[in-house]
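The values are calculated or read from the model by the stated rules, or taken from the named source; none is laboratory data. Predicted model only: the values in this text are computed from it and were never measured. Counting neighbours? That spans all protein chains shown, and the Cβs are built from the backbone with ideal geometry, glycine included.
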Amino acid sequence: MARSLGPKCRNCRREGMKLFLKGERCLTEKCSVERRSYPPGEHGRGRIKQSEYLLQLREKQKARRYYGLLEKQFRTYYERAARRSGITGENLLQMLELRLDNVVYRLGFAASRAQARQLVRHGHFHVNGRRVNVPSFQVRPDDVVTIAPKSAAEPVVRDATDLTASVAPWLQADHEGLTAKVLRRPERDEIDTPVQEQLIVELYSK
C-alpha cells in the first residue's frame, strides 16, 4: 500500500495552515501550526521569493497532502478528471471527495483521513453489504456505507463520531447505528478543501 510515511505536522507547517492530518491533536494547543507558524527547516523563517509557479506548486502539494496521496496517484486523478466532461478542477475535487477513505472521514467515522484509510484497509467497512478494503474505492450516489458486523474497530469509530460536529450535505449518516448513505455527488460549494483547484490545472497544463 503506497502512502506517505513522513511527519504529518511538518506538512501542515510547510503549507502554512492546518490540514487536520492528525485528528483530535489538530484541535489542541499541541498543534505544530499553533506552536510554530513558519515553514520547517533552517530557512523556514527566511523570506521566500513568490512566483506564479510557486503558488501553483503549493496548491498542488496542499491538495495532495490534504487527501494523503503520493505524486503519481494525484497525477492519475488529474488525468482522469481532464478526460471527463465539465470543469477539470471541479472534477478532480469530486473524485478525491468520493474516495472511500475520505467518505468515511467526512461521515465522522474516523478522526482523520489517515485513520479512515487504515480502517478501510483493514476491512472494517462495507459498501452495499460487501467488504471493501481499498481506500481509493470510488463510492457512487445511493451507496450505503456500514461498519462491518462485529468489527473490533467499533469503539474507535464511536469515539470519532463524538468529535464530529456536522456531516457534509451530500452524505447522510446515522451515528447511532453506524450506517450512512451517499446521497449524491458533491457540488463545488459543498467541498471545503482549502485549495484553488484552478492553480493545479494551470500547473499540470504547462
Looking only at residues that are hydroxyl-bearing (Ser, Thr, Tyr), modelled with pLDDT under 90 and buried (at least 16 other Cβ atoms within 10 Å of the Cβ) in the stretch 22-75, which one is farthest from Asn102 (Cα to Cα)?
Ser32
Among (1) touching a residue at least 60 places away in the same chain (Cβ under 8 Å); (2) touching a helix residue (DSSP H, G or I) at 6+ places or on another chain (Cβ under 9 Å), which single condition is Leu98 missing?
(2)
Just to be sure before I move on: is Val201 closer than 21 Å to Asn91 by Cα, in contact (Cβ under 8 Å) with a residue 12 or more places away in the chain and not assigned by TED's automatic domain parsing to the domain that holds Glu52 in the structure I sent?
yes
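To keep it simple, each residue is scored yes or no on (1) in contact with a Phe, Trp or Tyr (Cβ under 7 Å, 6 or more places away or on another chain); (2) crowded, with 21+ Cβ neighbours inside 10 Å.
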residue: Ala114; (1), (2): no, no
residue: Phe125; (1), (2): no, yes
residue: Gln138; (1), (2): no, no
residue: Val156; (1), (2): no, no
residue: Glu190; (1), (2): yes, no
Just the residues that are more than 15 Å from Leu98 (Cβ to Cβ) and either crowded, with 16+ Cβ neighbours inside 10 Å or aliphatic (A, V, I, L, M) (or both), please, taken from the stretch 168-178.
Ala173, His175, Leu178
Of (1) closer than 22 Å to Ser112 by Cα; (2) buried (at least 19 other Cβ atoms within 10 Å of the Cβ), Gly89 fails just (1)
Ala111, sole failed condition from (1) modelled with pLDDT of 65 or more; (2) in a helix (DSSP H, G or I); (3) not β-branched (Val, Ile, Thr):
(2)
